[in-house]
Amino acid sequence: MPRKEQSVIIRLGLDDTDHPEIGCTTERMNELVDIILSRIDSELIERRLVRLWPFATRRTRGNGALGAIFMIHMGEIEELYSICSGWFSELCEEIERYPETEFDPSPCLVISESEVSDEWYWTSVRGEVDCDKRMLDVQDAGCTVLVGESHWGVVGASAAISWVPGTFSSWELIAWRSEEKIGTERQVSETAVSCMGSLHPGAFVNRDPTKGRGLIAPRTPCPVLYGIRGSCSEDVERAHEWLQKRTDIEQCSCSAIHRTNQLSDDHIESSSSGTVISTPETTKGGHAMIGAITPDGRFNLVAFSEGGPVNRLLRSLIPGDQISWTGLASPDGSFHLEKLRADKTSPRITGRPICCSKTMRSKGKGQGMKCNSCGRMRHKYWLCNGMEGNYVAPIGRWVEPSPSNRRHLARPVSLMQ
Ligand SMILES: [Zn+2]
(Lines give C-alpha, C1' and ligand atoms only; values in the text may rest on other atoms or scores of the structure.)
Protein backbone atom coordinates (compact mmCIF):
# COMPACT_ATOMS: atom_id res chain seq x y z
CA MET A 1 0.00 0.00 0.00
CA PRO A 2 1.49 3.39 -0.98
CA ARG A 3 2.32 5.92 1.75
CA LYS A 4 0.13 9.02 1.56
CA GLU A 5 2.88 11.60 1.08
CA GLN A 6 4.32 9.70 -1.84
CA SER A 7 1.04 8.92 -3.52
CA VAL A 8 -1.34 10.37 -6.02
CA ILE A 9 -5.07 9.85 -6.57
CA ILE A 10 -5.99 8.47 -9.99
CA ARG A 11 -9.50 8.33 -11.39
CA LEU A 12 -10.49 5.89 -14.11
CA GLY A 13 -13.73 6.01 -16.10
CA LEU A 14 -14.83 3.29 -18.50
CA ASP A 15 -17.86 2.98 -20.74
CA ASP A 16 -19.37 1.41 -23.81
CA THR A 17 -17.64 -1.96 -23.78
CA ASP A 18 -20.90 -3.95 -23.61
CA HIS A 19 -20.99 -6.68 -26.21
CA PRO A 20 -23.62 -9.43 -26.39
CA GLU A 21 -20.95 -12.12 -26.71
CA ILE A 22 -17.93 -10.84 -24.88
CA GLY A 23 -18.97 -9.41 -21.59
CA CYS A 24 -20.22 -6.26 -19.98
CA THR A 25 -18.58 -3.09 -18.77
CA THR A 26 -18.87 -4.01 -15.07
CA GLU A 27 -16.79 -7.14 -15.63
CA ARG A 28 -14.29 -5.29 -17.82
CA MET A 29 -13.63 -2.70 -15.17
CA ASN A 30 -13.26 -5.43 -12.56
CA GLU A 31 -10.65 -7.10 -14.75
CA LEU A 32 -8.68 -3.85 -15.11
CA VAL A 33 -8.89 -3.11 -11.38
CA ASP A 34 -7.53 -6.58 -10.58
CA ILE A 35 -4.59 -6.14 -12.95
CA ILE A 36 -3.70 -2.74 -11.48
CA LEU A 37 -3.91 -3.99 -7.88
CA SER A 38 -1.78 -7.03 -8.64
CA ARG A 39 0.91 -5.22 -10.59
CA ILE A 40 1.51 -1.87 -8.91
CA ASP A 41 1.79 -0.40 -5.43
CA SER A 42 -1.76 0.87 -5.13
CA GLU A 43 -4.90 0.98 -3.07
CA LEU A 44 -8.42 0.94 -4.47
CA ILE A 45 -10.42 3.69 -2.79
CA GLU A 46 -13.79 3.21 -4.44
CA ARG A 47 -15.55 1.69 -7.43
CA ARG A 48 -18.44 3.50 -9.02
CA LEU A 49 -21.41 2.63 -11.18
CA VAL A 50 -23.01 5.70 -12.68
CA ARG A 51 -26.32 5.60 -14.55
CA LEU A 52 -26.90 8.21 -17.22
CA TRP A 53 -29.69 9.97 -19.10
CA PRO A 54 -32.27 7.34 -20.03
CA PHE A 55 -33.03 8.91 -23.43
CA ALA A 56 -29.43 9.17 -24.67
CA THR A 57 -29.28 8.40 -28.40
CA ARG A 58 -26.67 5.78 -27.94
CA ARG A 59 -26.83 4.01 -24.65
CA THR A 60 -25.46 0.83 -23.25
CA ARG A 61 -27.73 -1.62 -21.44
CA GLY A 62 -29.11 0.27 -18.45
CA ASN A 63 -26.93 3.14 -19.58
CA GLY A 64 -24.34 2.77 -16.85
CA ALA A 65 -20.65 3.69 -16.83
CA LEU A 66 -17.95 2.48 -14.45
CA GLY A 67 -15.44 4.39 -12.37
CA ALA A 68 -12.55 3.43 -10.09
CA ILE A 69 -10.49 5.65 -7.81
CA PHE A 70 -7.00 4.54 -6.79
CA MET A 71 -4.27 5.83 -4.59
CA ILE A 72 -1.00 4.85 -6.24
CA HIS A 73 2.65 5.40 -5.53
CA MET A 74 3.96 8.41 -7.48
CA GLY A 75 6.74 6.37 -8.97
CA GLU A 76 4.21 4.02 -10.53
CA ILE A 77 2.26 6.47 -12.65
CA GLU A 78 4.01 5.50 -15.87
CA GLU A 79 3.46 1.85 -15.16
CA LEU A 80 -0.23 2.57 -14.60
CA TYR A 81 -0.56 4.24 -18.00
CA SER A 82 1.28 1.36 -19.60
CA ILE A 83 -1.02 -1.21 -17.98
CA CYS A 84 -4.12 0.75 -19.00
CA SER A 85 -3.09 1.21 -22.62
CA GLY A 86 -1.98 -2.43 -22.99
CA TRP A 87 -5.24 -3.66 -21.50
CA PHE A 88 -7.27 -1.27 -23.63
CA SER A 89 -5.64 -2.30 -26.93
CA GLU A 90 -6.28 -5.94 -26.13
CA LEU A 91 -9.92 -5.12 -25.41
CA CYS A 92 -10.28 -3.34 -28.76
CA GLU A 93 -8.59 -6.22 -30.62
CA GLU A 94 -10.91 -8.70 -28.95
CA ILE A 95 -13.99 -6.67 -29.94
CA GLU A 96 -12.75 -6.42 -33.54
CA ARG A 97 -12.53 -10.19 -33.83
CA TYR A 98 -16.32 -10.40 -33.53
CA PRO A 99 -18.61 -9.56 -36.46
CA GLU A 100 -20.03 -6.05 -36.38
CA THR A 101 -23.46 -5.59 -34.81
CA GLU A 102 -25.90 -2.71 -34.88
CA PHE A 103 -24.73 -1.52 -31.49
CA ASP A 104 -21.07 -2.29 -31.65
CA PRO A 105 -19.15 -1.28 -28.55
CA SER A 106 -17.32 2.03 -28.71
CA PRO A 107 -15.07 1.66 -25.68
CA CYS A 108 -13.43 4.58 -23.94
CA LEU A 109 -11.16 4.71 -20.91
CA VAL A 110 -10.52 8.12 -19.32
CA ILE A 111 -7.65 8.55 -16.85
CA SER A 112 -7.36 11.65 -14.69
CA GLU A 113 -4.70 12.60 -12.15
CA SER A 114 -6.78 15.43 -10.75
CA GLU A 115 -10.34 16.11 -9.73
CA VAL A 116 -12.52 17.23 -12.61
CA SER A 117 -15.60 19.44 -12.58
CA ASP A 118 -18.88 17.70 -11.82
CA GLU A 119 -20.43 19.39 -14.85
CA TRP A 120 -19.69 16.39 -17.08
CA TYR A 121 -21.77 14.24 -14.78
CA TRP A 122 -24.74 16.58 -14.57
CA THR A 123 -24.95 17.20 -18.31
CA SER A 124 -24.72 13.44 -18.98
CA VAL A 125 -27.40 12.44 -16.48
CA ARG A 126 -29.86 15.15 -17.54
CA GLY A 127 -29.57 15.36 -21.30
CA GLU A 128 -27.97 14.53 -24.61
CA VAL A 129 -24.24 15.18 -24.85
CA ASP A 130 -22.33 15.72 -28.08
CA CYS A 131 -19.52 13.18 -27.92
CA ASP A 132 -17.13 15.17 -30.15
CA LYS A 133 -17.45 18.20 -27.94
CA ARG A 134 -17.05 16.11 -24.79
CA MET A 135 -13.94 14.51 -26.25
CA LEU A 136 -12.35 17.95 -26.66
CA ASP A 137 -13.42 19.08 -23.17
CA VAL A 138 -11.93 15.99 -21.57
CA GLN A 139 -8.65 16.37 -23.43
CA ASP A 140 -8.55 20.12 -22.63
CA ALA A 141 -8.95 19.28 -18.94
CA GLY A 142 -5.71 17.31 -19.13
CA CYS A 143 -7.21 13.82 -18.92
CA THR A 144 -5.82 10.92 -20.93
CA VAL A 145 -8.45 9.43 -23.23
CA LEU A 146 -8.10 5.97 -24.74
CA VAL A 147 -10.56 5.21 -27.53
CA GLY A 148 -10.92 2.80 -30.41
CA GLU A 149 -12.25 3.69 -33.86
CA SER A 150 -15.20 5.66 -32.45
CA HIS A 151 -15.48 7.54 -29.21
CA TRP A 152 -19.10 7.40 -28.06
CA GLY A 153 -17.93 5.94 -24.78
CA VAL A 154 -16.27 9.20 -23.75
CA VAL A 155 -19.61 10.59 -22.52
CA GLY A 156 -20.12 7.89 -19.90
CA ALA A 157 -16.45 7.43 -19.05
CA SER A 158 -16.01 11.14 -18.33
CA ALA A 159 -19.29 11.28 -16.40
CA ALA A 160 -18.06 8.42 -14.20
CA ILE A 161 -14.94 10.32 -13.09
CA SER A 162 -16.88 13.57 -12.73
CA TRP A 163 -19.63 12.31 -10.40
CA VAL A 164 -19.45 13.62 -6.83
CA PRO A 165 -21.66 11.32 -4.74
CA GLY A 166 -24.29 13.31 -2.88
CA THR A 167 -26.58 12.49 0.00
CA PHE A 168 -28.62 10.17 -2.16
CA SER A 169 -25.91 7.83 -3.38
CA SER A 170 -26.51 4.12 -2.82
CA TRP A 171 -24.49 0.91 -3.19
CA GLU A 172 -24.58 -2.08 -5.47
CA LEU A 173 -22.63 -5.27 -5.02
CA ILE A 174 -22.16 -7.01 -8.33
CA ALA A 175 -21.34 -10.72 -8.37
CA TRP A 176 -20.06 -12.28 -11.59
CA ARG A 177 -20.51 -15.80 -12.90
CA SER A 178 -17.81 -18.36 -13.56
CA GLU A 179 -16.85 -18.53 -17.20
CA GLU A 180 -18.36 -21.99 -17.76
CA LYS A 181 -21.76 -20.89 -16.37
CA ILE A 182 -22.23 -17.88 -18.66
CA GLY A 183 -25.14 -18.44 -21.03
CA THR A 184 -26.74 -21.12 -18.81
CA GLU A 185 -29.73 -20.43 -16.58
CA ARG A 186 -28.85 -18.53 -13.41
CA GLN A 187 -29.51 -20.29 -10.15
CA VAL A 188 -30.90 -17.49 -7.98
CA SER A 189 -33.93 -18.70 -6.06
CA GLU A 190 -36.92 -16.45 -5.42
CA THR A 191 -37.16 -17.78 -1.87
CA ALA A 192 -33.60 -16.73 -1.15
CA VAL A 193 -34.12 -13.23 -2.53
CA SER A 194 -37.32 -12.87 -0.58
CA CYS A 195 -35.67 -14.01 2.70
CA MET A 196 -32.73 -11.72 2.01
CA GLY A 197 -35.18 -8.81 1.92
CA SER A 198 -36.48 -9.53 5.42
CA LEU A 199 -33.14 -10.50 6.99
CA HIS A 200 -31.18 -7.64 5.44
CA PRO A 201 -33.48 -4.62 5.25
CA GLY A 202 -30.50 -2.36 4.47
CA ALA A 203 -30.32 -4.09 1.11
CA PHE A 204 -33.31 -2.63 -0.69
CA VAL A 205 -35.29 -2.57 -3.94
CA ASN A 206 -34.06 -6.07 -4.73
CA ARG A 207 -37.50 -7.54 -5.20
CA ASP A 208 -40.83 -6.53 -6.72
CA PRO A 209 -43.45 -7.45 -4.11
CA THR A 210 -46.30 -6.67 -6.56
CA LYS A 211 -45.02 -9.38 -8.89
CA GLY A 212 -43.43 -11.70 -6.31
CA ARG A 213 -40.26 -11.54 -8.34
CA GLY A 214 -36.62 -10.91 -7.45
CA LEU A 215 -34.89 -8.10 -9.31
CA ILE A 216 -31.28 -8.94 -8.56
CA ALA A 217 -30.50 -11.27 -11.46
CA PRO A 218 -30.37 -9.86 -14.99
CA ARG A 219 -32.30 -11.65 -17.71
CA THR A 220 -29.68 -11.19 -20.42
CA PRO A 221 -26.87 -13.72 -21.09
CA CYS A 222 -24.27 -11.36 -19.56
CA PRO A 223 -21.58 -12.39 -17.04
CA VAL A 224 -23.39 -10.77 -14.09
CA LEU A 225 -24.87 -13.29 -11.64
CA TYR A 226 -26.69 -10.65 -9.61
CA GLY A 227 -26.52 -7.13 -8.26
CA ILE A 228 -27.61 -6.34 -4.71
CA ARG A 229 -28.62 -2.76 -4.02
CA GLY A 230 -28.59 -1.12 -0.62
CA SER A 231 -28.10 1.95 1.51
CA CYS A 232 -24.55 1.17 2.64
CA SER A 233 -21.67 -1.02 1.54
CA GLU A 234 -21.69 -3.17 4.69
CA ASP A 235 -25.34 -4.09 4.18
CA VAL A 236 -24.93 -5.27 0.60
CA GLU A 237 -21.80 -7.19 1.55
CA ARG A 238 -23.57 -9.00 4.39
CA ALA A 239 -26.57 -9.81 2.18
CA HIS A 240 -24.22 -11.21 -0.47
CA GLU A 241 -22.30 -13.37 2.02
CA TRP A 242 -25.58 -14.70 3.34
CA LEU A 243 -26.77 -15.56 -0.20
CA GLN A 244 -23.52 -17.27 -1.12
CA LYS A 245 -23.81 -19.65 1.84
CA ARG A 246 -27.09 -21.03 0.50
CA THR A 247 -27.43 -24.08 -1.69
CA ASP A 248 -30.14 -22.54 -3.88
CA ILE A 249 -27.82 -19.75 -5.05
CA GLU A 250 -25.14 -20.18 -7.69
CA GLN A 251 -21.57 -19.64 -6.49
CA CYS A 252 -20.11 -16.50 -8.03
CA SER A 253 -16.58 -16.26 -9.38
CA CYS A 254 -15.98 -12.88 -7.72
CA SER A 255 -17.82 -9.78 -6.56
CA ALA A 256 -17.26 -6.08 -5.97
CA ILE A 257 -19.08 -3.22 -4.29
CA HIS A 258 -19.82 -0.04 -6.23
CA ARG A 259 -21.04 3.32 -5.07
CA THR A 260 -23.86 4.33 -7.41
CA ASN A 261 -26.17 7.19 -8.33
CA GLN A 262 -29.06 4.71 -8.56
CA LEU A 263 -32.25 5.77 -6.74
CA SER A 264 -30.96 9.36 -6.59
CA ASP A 265 -33.44 11.04 -8.99
CA ASP A 266 -30.41 12.95 -10.31
CA HIS A 267 -31.85 12.72 -13.82
CA ILE A 268 -34.75 14.91 -12.72
CA GLU A 269 -34.41 18.64 -12.23
CA SER A 270 -37.42 19.10 -9.97
CA SER A 271 -41.05 18.19 -9.63
CA SER A 272 -43.72 20.36 -11.25
CA SER A 273 -47.23 21.26 -10.23
CA GLY A 274 -50.08 22.30 -12.47
CA THR A 275 -53.71 21.98 -13.44
CA VAL A 276 -55.21 19.30 -15.65
CA ILE A 277 -56.80 20.84 -18.76
CA SER A 278 -58.00 17.83 -20.76
CA THR A 279 -59.61 14.47 -20.18
CA PRO A 280 -57.31 11.43 -20.39
CA GLU A 281 -56.80 9.81 -23.76
CA THR A 282 -55.95 6.14 -23.77
CA THR A 283 -54.22 4.15 -26.49
CA LYS A 284 -54.88 0.53 -27.41
CA GLY A 285 -51.91 -0.60 -25.35
CA GLY A 286 -53.29 1.10 -22.25
CA HIS A 287 -50.92 4.07 -22.28
CA ALA A 288 -52.62 7.27 -21.19
CA MET A 289 -52.08 10.96 -21.80
CA ILE A 290 -53.48 14.22 -20.45
CA GLY A 291 -52.71 17.90 -20.87
CA ALA A 292 -51.71 20.03 -17.91
CA ILE A 293 -50.64 23.64 -17.56
CA THR A 294 -48.15 25.25 -15.24
CA PRO A 295 -46.77 28.80 -15.21
CA ASP A 296 -44.04 27.40 -17.50
CA GLY A 297 -46.45 26.26 -20.20
CA ARG A 298 -48.39 23.26 -21.38
CA PHE A 299 -47.30 19.67 -20.83
CA ASN A 300 -48.50 16.47 -22.49
CA LEU A 301 -48.15 14.04 -19.62
CA VAL A 302 -47.80 10.39 -20.60
CA ALA A 303 -48.17 7.41 -18.27
CA PHE A 304 -47.34 4.07 -19.87
CA SER A 305 -49.38 1.03 -18.95
CA GLU A 306 -46.26 -0.39 -17.24
CA GLY A 307 -46.48 2.60 -14.88
CA GLY A 308 -49.28 0.76 -13.00
CA PRO A 309 -50.48 3.11 -10.24
CA VAL A 310 -49.24 6.20 -12.14
CA ASN A 311 -51.24 5.14 -15.18
CA ARG A 312 -54.36 4.44 -13.09
CA LEU A 313 -54.15 7.77 -11.30
CA LEU A 314 -53.64 9.66 -14.57
CA ARG A 315 -56.67 7.98 -16.13
CA SER A 316 -58.87 9.04 -13.24
CA LEU A 317 -58.03 12.73 -13.55
CA ILE A 318 -60.41 15.35 -14.95
CA PRO A 319 -59.90 18.97 -16.00
CA GLY A 320 -59.44 21.27 -13.04
CA ASP A 321 -57.60 18.72 -10.90
CA GLN A 322 -54.39 20.05 -9.40
CA ILE A 323 -51.49 17.63 -9.60
CA SER A 324 -47.74 17.34 -9.14
CA TRP A 325 -45.38 15.13 -11.11
CA THR A 326 -41.80 14.16 -11.86
CA GLY A 327 -40.44 12.55 -14.98
CA LEU A 328 -38.53 13.28 -18.15
CA ALA A 329 -39.23 15.40 -21.19
CA SER A 330 -38.97 12.92 -24.02
CA PRO A 331 -37.33 13.94 -27.29
CA ASP A 332 -40.75 13.43 -28.95
CA GLY A 333 -42.15 16.42 -27.05
CA SER A 334 -44.26 14.52 -24.52
CA PHE A 335 -43.42 14.25 -20.85
CA HIS A 336 -42.94 10.71 -19.49
CA LEU A 337 -44.18 10.49 -15.93
CA GLU A 338 -42.25 8.72 -13.19
CA LYS A 339 -44.21 9.88 -10.15
CA LEU A 340 -47.62 11.51 -9.88
CA ARG A 341 -49.65 13.05 -7.08
CA ALA A 342 -53.17 14.46 -6.93
CA ASP A 343 -53.05 17.59 -4.77
CA LYS A 344 -56.60 18.88 -5.02
CA THR A 345 -59.38 17.54 -7.17
CA SER A 346 -62.39 19.04 -8.94
CA PRO A 347 -65.77 17.65 -7.92
CA ARG A 348 -66.87 14.54 -9.83
CA ILE A 349 -70.57 14.37 -10.66
CA THR A 350 -71.99 11.09 -9.46
CA GLY A 351 -75.66 11.69 -10.35
CA ARG A 352 -78.97 13.24 -9.25
CA PRO A 353 -80.33 12.82 -5.73
CA ILE A 354 -82.43 9.76 -4.85
CA CYS A 355 -86.08 9.68 -3.81
CA CYS A 356 -88.12 6.51 -3.21
CA SER A 357 -84.97 4.49 -4.05
CA LYS A 358 -84.90 6.01 -7.51
CA THR A 359 -82.90 8.79 -9.14
CA MET A 360 -84.89 12.02 -9.41
CA ARG A 361 -85.40 13.17 -12.99
CA SER A 362 -84.90 16.60 -14.46
CA LYS A 363 -88.09 18.02 -15.91
CA GLY A 364 -86.26 20.18 -18.45
CA LYS A 365 -84.46 23.51 -18.51
CA GLY A 366 -85.40 25.71 -15.52
CA GLN A 367 -87.93 23.15 -14.29
CA GLY A 368 -86.42 21.38 -11.27
CA MET A 369 -86.43 17.62 -10.62
CA LYS A 370 -89.27 15.27 -9.96
CA CYS A 371 -89.58 11.87 -8.28
CA ASN A 372 -91.53 9.69 -10.67
CA SER A 373 -92.86 7.54 -7.81
CA CYS A 374 -94.18 10.05 -5.22
CA GLY A 375 -94.28 13.14 -7.42
CA ARG A 376 -92.06 15.20 -5.11
CA MET A 377 -90.39 18.20 -6.79
CA ARG A 378 -86.98 19.68 -5.85
CA HIS A 379 -84.52 22.26 -7.10
CA LYS A 380 -82.08 20.74 -9.54
CA TYR A 381 -78.61 19.81 -8.34
CA TRP A 382 -75.91 17.22 -8.89
CA LEU A 383 -74.35 14.94 -6.31
CA CYS A 384 -70.54 15.11 -6.35
CA ASN A 385 -67.55 13.66 -4.62
CA GLY A 386 -63.76 14.06 -4.81
CA MET A 387 -61.83 11.08 -6.04
CA GLU A 388 -63.24 8.66 -3.50
CA GLY A 389 -64.73 5.66 -5.17
CA ASN A 390 -62.92 6.19 -8.46
CA TYR A 391 -59.81 4.26 -7.45
CA VAL A 392 -56.79 5.93 -6.73
CA ALA A 393 -54.25 7.17 -4.32
CA PRO A 394 -55.20 9.37 -1.40
CA ILE A 395 -54.94 13.07 -2.14
CA GLY A 396 -51.42 14.33 -1.48
CA ARG A 397 -49.66 10.98 -1.81
CA TRP A 398 -47.11 10.24 -4.55
CA VAL A 399 -47.59 7.13 -6.62
CA GLU A 400 -44.91 5.32 -8.64
CA PRO A 401 -44.57 2.22 -10.83
CA SER A 402 -43.79 -1.13 -9.21
CA PRO A 403 -40.04 -1.69 -8.60
CA SER A 404 -39.52 -3.74 -11.77
CA ASN A 405 -40.90 -0.92 -13.90
CA ARG A 406 -38.82 1.87 -12.41
CA ARG A 407 -35.66 3.34 -13.84
CA HIS A 408 -32.36 2.61 -12.10
CA LEU A 409 -32.14 6.34 -11.35
CA ALA A 410 -35.66 6.76 -9.95
CA ARG A 411 -35.88 7.49 -6.27
CA PRO A 412 -38.56 5.31 -4.65
CA VAL A 413 -41.37 7.16 -2.88
CA SER A 414 -40.45 5.30 0.32
CA LEU A 415 -37.06 7.03 0.30
CA MET A 416 -38.40 10.52 -0.36
CA GLN A 417 -38.51 12.82 2.67
ZN1 LIG B 1 -90.22 9.99 -4.12
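The values are calculated or read from the model by the stated rules, or taken from the named source; none is laboratory data. No experiment lies behind these values; they were computed from the predicted model shown. Note that we place each Cβ from the backbone using ideal geometry, even for glycine, and neighbour counts take in every protein chain shown. The accessibility values were calculated without ligands, DNA or RNA, using every heavy atom of the protein model including side chains. Shrake-Rupley method; radii C 1.70, N 1.55, O 1.52, S 1.80 Å.
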Whole-Å semi-axes of the ellipsoid equivalent to region 199-313 (Cα gyration tensor, √5λ, descending): 39, 18, 12
Å³ per residue enclosed by the Cα convex hull of region 4-162: 101
GluC sites (Glu not before Pro) within region 1-47, DSSP loop, no more than 15 other Cβ atoms inside 10 Å: Glu21
Sparse-neighbour loop sites [GluC sites (Glu not before Pro); region 222-261; at most 15 other C-beta within 10 Å; DSSP]: none
Above-threshold pairs, the threshold being 28 Å between Cα atoms, out of Lys211/Lys284; Lys284/Lys363; Lys181/Lys245; Lys344/Lys380; Lys211/Lys344: Lys284/Lys363; Lys211/Lys344
Under-5 Å amide H pairs with Ser330, H placed in peptide plane, nonlocal only: Phe335, His336
Whole-angstrom gap from region 89-132 to region 176-247, using each part's C-alpha centre: 28
Angle in degrees between helix 77-96 and the longest Cα principal axis of the chain, rounded to the nearest 10: 60
Reciprocal of mean inverse Cα separation for region 277-316 (Kirkwood radius, Å): 10.2
Principal-axis tilt of helix 233-244 within the chain, Cα atoms, nearest 10 degrees: 90
For region 337-379, diffusion coefficient by Stokes-Einstein and Kirkwood Rh (Cα), 37 °C, 0.692 mPa s, µm²/s: 255
Where trypsin sites (Lys or Arg not before Pro) fall in DSSP loop in region 280-334, at most 12 other Cβ within 10 Å: Lys284
Label-point separation in nm, Glu180 to Lys380, each point 7 Å along Cα→Cβ: 8.3
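What number in nm² do you get for the chain if you take the convex hull of its Cα atoms and divide its surface by four?
26.7
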Helix-derived mean residue ellipticity, 222 nm - over the chain, DSSP H n ≥ 4, -39500 (n - 2.57), to 500: -6500 deg cm²/dmol
Förster-model FRET efficiency, 56 Å R0, Gln187 and Ile395, C-beta, rounded to 0.05: 0.75
C-alpha long axis of helix 25-39 to longest principal axis of the chain, angle in °: 30
Value in Å of the Kirkwood radius, where region 170-260 supplies the Cα pairs that are averaged: 12.9
Accessible area in square angstrom per residue, the chain, 1.4 angstrom probe: 49
